[in-house]
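The values are calculated or read from the model by the stated rules, or taken from the named source; none is laboratory data. Fair warning: this is a prediction, and the values are worked out from it, not measured in the lab. Counting neighbours? That spans all protein chains shown, and the Cβs are built from the backbone with ideal geometry, glycine included. Heavy atoms of the whole protein, side chains included, go into the accessibility calculation; ligands, DNA and RNA do not. Shrake-Rupley method; radii C 1.70, N 1.55, O 1.52, S 1.80 Å.
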Amino acid sequence: MIVLDGKIASQSIKENLKTDVSAIIKHGKRPPHLAAILVGNNGASETYVASKVKNCEEIGFQSTLIRLEDTVEESKLLETIQQLNNNKAVDGILVQLPLPKHISEQKVIETINPQKDVDGFHPVNIGKLVQGLETFIPATPYGIMLMLEYFNIETKGKHAVVIGRSNIVGRPMSILLSSNIKRGNCTVTICHSHTPNLSEICLQADIIVAALGKPEFVKANMVKQGAVVIDVGITRVADTTAKKGFRIKGDVAYNEVATKTTAITPVPGGVGLMTIAGLLKNTLQAYMNNE
Ligand code: GUN
């Protein structure tokens, strides 16, 4: 069994990006610029956005963090996005989700210029993904594809089971794995809360992608011997013995599942780090298209 270490894989991608930025600067050009908008002060979102900004700095990207109160009017947020759309010195825009209930996430996503939509959530970009056209692949599925590539995991002809159908992970992941691309060409089953016999379906999987957001949902008796397991879950579970008062749990019961697999991602230290690598690669791509 190999542990698909997101730290090693993302570090390698970040080193390459660093080299790309150095070459850009050497040519007397400005670095790529990512603008992130954080609404409110949700603890997990704060952590993710801080990590995105820190990673930008590490590889030499410019980053701007715009913080808005959780009471901000939707129109103000849309106006802020429009300003970033019009700012030629900004290559990529992301609005951290989830947003407060009074704001329409769909409206927000559709306001971002698709050419700056480094999260790949705009319907234009999702449409391109479905048609196999060049686009911004949503960062988490992109990160998983990069991980499969880094660790040379064969996907062609395999049966992949994706648990979860979110626009952010499950749905785009199922499209990528079934596409006629490197690390694609799987037969894909997508499972969700209305899927009967989920255990039986998982037992047929050569590759499982667990992206449903339920801590330790995937148990050993749902996994075929020799399967590859990708765990997208990052739920904060209260734990008074932990320093921060919580522990991060994946969607897979790692200890009992790992021994049955040929490869598995840990949580933390797996897919989460690859998500950032995917976002950074998208931002460089947006810059290249923009310049
Ligand atoms: N919330 C959870 N995942 C993501 C992501 O990939 N991008 C944004 N913008 N928000 C998220």
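Observations, loosely collected:
- Pairs where the first residue, in the range 92-115, is closer than 23 Å to GLN62 by Cα and within 13 Å of the ligand (Cβ to nearest atom) and the second is of a type in the set (Phe, Trp, Tyr) and at pLDDT 95 or above, C-beta under 7 Å, 6+ apart: GLN96/TYR48; ILE109/PHE121
- For the range 126-148, the condition of being under 21 Å from ASP206 (Cβ atoms), over 15 Å from the mean Cα position of the chain (by Cα) and of a type in the set (Val, Ile, Thr) holds for none of the residues.
- Put simply, of ASP70, ASP20 the only residue that is under 26 Å from THR235 (Cα atoms) and either open to solvent by 60 Å² or more (accessible area, probe 1.4 Å) or in contact with a Lys or Arg (Cβ under 6 Å, 6 or more places away or on another chain) (or both) is ASP70.
- Residue match in the range 33-41 (condition: crowded, with 18+ Cβ neighbours inside 10 Å, more than 20 Å from PHE121 (Cβ to Cβ) and hydrophobic (A, V, I, L, M, F, W, C)): no
- Just so you know, in the range 87-102 the residues that are open to solvent by 10 Å² or more (accessible area, probe 1.4 Å) and charged (D, E, K, R) include one that is farthest from LEU77 (Cα to Cα), and it is LYS88.
- Qualifying position, being modelled with pLDDT under 95 and either closer than 21 Å to GLY120 by Cα or within 16 Å of the ligand (Cβ to nearest atom) (or both), among ALA50, ALA89, ALA44: ALA44
- Whichever residue in the range 134-153 is in contact with a strand residue (DSSP E or B) (Cβ under 9 Å, 6 or more places away or on another chain) and more than 16 Å from the ligand (Cβ to nearest atom) and, among such residues, is most open to solvent (accessible area, probe 1.4 Å): PHE151
- Among the criteria (1) away from the ligand (no atom under 16 Å from the Cβ); (2) among the polar types (S, T, N, Q); (3) in contact with a Leu (Cβ under 8 Å, 6 or more places away or on another chain); (4) more than 28 Å from LYS76 (Cα to Cα), the one GLN62 does not fulfil is (4).
- Wholly enclosed strands (runs of 3 or more DSSP E) of the range 186-291 bearing at least 1 residues within 16 Å of the ligand (Cβ to nearest atom), surrounded by fewer than 20 Cβ atoms within 10 Å (Cβ to Cβ) and in contact (Cβ under 8 Å) with a residue 40 or more places away in the chain: 235-238
- Every residue from the range 154-171 that is crowded, with 21+ Cβ neighbours inside 10 Å and within 11 Å of the ligand (Cβ to nearest atom): VAL169
- If you go through the range 121-133 and keep only what is touching a Pro at 6+ places or on another chain (Cβ under 8 Å) and more than 9 Å from the ligand (Cβ to nearest atom), you end up with HIS122, VAL124, ASN125, ILE126, LEU129.
- Pair list, Cβ < 8 Å and 6+ apart or interchain, from the range 26-55 residues that are under 21 Å from ILE81 (Cβ atoms) to residues that are assigned to a loop (DSSP other than H, G, I, E, B) and open to solvent by 70 Å² or more (accessible area, probe 1.4 Å): VAL39/GLU69; VAL39/ASP70; GLY40/GLU69; GLY40/ASP70; ASN41/ASP70; ASN42/PRO98; SER45/PRO98
- The residues of the range 42-65 that are open to solvent by 30 Å² or more (accessible area, probe 1.4 Å) and in contact with a helix residue (DSSP H, G or I) (Cβ under 6 Å, 6 or more places away or on another chain), listed by number, are GLY60, SER63, LEU65.
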